[in-house]
Amino acid sequence: MGHKVVVFDISVVRALWETRVKKHRAWQKKEAERLEKSALEKIKEEWDFVAECRRKGVPQAQYCKNGFVDTSARLLEKIERNSVARQSAWVKDRDKRSNPFVFELSGAQWKELPDSLREQTHLKEWHIHSTLIQTIPAYIELFQAMRILDLPKNQITSLPAEIGRLKNLKELNVSFNHLKSIPPELGDCENLEKLDCSGNLDLMELPFELSNLKQVTFVDISANKFSSVPICVLRMCRLQWLDISSNNLSDLPQDIDRLEELQGFLLYKNKLTYLPQAMLNLKKLTLLVVSGDHLVELPTALCDASKPLKFVSLMDNPIDKTQCQDSDEIIESEQDRQHFDKEFMKAYIEDLKEREAVPSYTTKVSFSLQL
């Protein structure tokens, strides 16, 4: 019996395999779509992204916005740019530390300024923070070249009247101290451009004499006890940024539109129930942040999407905080809470500046996660 030869059409075999390949590719496509929609794949992507950010030493605030991880390519590019910027800032900070015109001091071991400081009247900048220092000495008037007084998070209870003799002073930061008043002599610092008195908690007014500060572009008096916008602030004709959040404001003055150069206005965490029509006359205003919980009346034009103004209405977290606290948790001080809140809002506002549009309102929530 001879060999059996199987005769077949090669096109049949080819069609069979092409069918199988098509089915396999269709399955791959469906699987890819399933994984794309899968929460597990999203979590894996975020974890890989977070791990990469941590490996590169990127701060959490850079990639986590309002509790959500941003894995967009745009953010990656921004992180690279920020990395370069941080290196540049580090170099500048290093140069500043070696600058003979800059004095720096920090640490709870300091309860008063060193005696040797009195002789260094050539200094142009003081950077003193996180100390137990309570008073600034009157001999500060000897520092006629002083341009920056950066004194946050100390225990300062008062400022000397002699501070008014610093005619070249450009910036004064006395945030998160224990000030209850500001000396009227500060109004003589005619070249002052930036004033930060935030977080003192008990500050209730600014002296009328500060009306003389015509060069001021930035004022932060948040986290205090102001019941109205100080008259002197309304007379600061070049003011571009005003933060008066976390106070006791129940209304705004009808002549708020005197601040013709105002660009940023932070009013959240007050007792405002309405915003005056005069707000519409602030033609250069690009950012307005309020608390929407009690607002019942506001000019509708503020919410007009066609305007360059970014109007943000914050809604406080309705969850009862007392129910969420661990009994063993250390209760933070009011200043610490206000400082955290301020840092949060600072990051939030920086994010807003890069957006083309903002939501009509934002619900701010607090949560913790243990890994």
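For segment 143-300, the Cα gyration tensor yields ellipsoid semi-axes of 27, 17, 12 Å (square root of five times each eigenvalue, largest first, whole Å). What FRET efficiency do you get for T286 and E193 if R0 is 22 Å and r is their Cβ-Cβ distance, rounded to the nearest 0.05? With R0 = 22 Å, the Cβ-Cβ based efficiency is 0.65. As a fraction of the 1.4 Å probe accessible area of segment 177-258, surface on carbon and sulfur atoms comes out at 43 percent.
If you take all C-alpha pairs in segment 210-255, what percent of them are over 14 Å apart? Summing the P(r) of segment 210-255 above 14 Å gives 48 percent of all pairs. Taking K and R as +1 and D and E as -1, what net charge do the other residues with C-beta under 13 Å from the C-beta of L239 add up to? That sum, taken over residues with Cβ under 13 Å, equals 0.
The values are calculated or read from the model by the stated rules, or taken from the named source; none is laboratory data. Small disclaimer: the values here were computed from a predicted structure and weren't measured. Cβ: placed from backbone, ideal geometry, glycine included. Neighbour counts: every protein chain shown. SASA here: full protein model, heavy atoms, side chains in, ligands and nucleic acids out. Shrake-Rupley method; radii C 1.70, N 1.55, O 1.52, S 1.80 Å.
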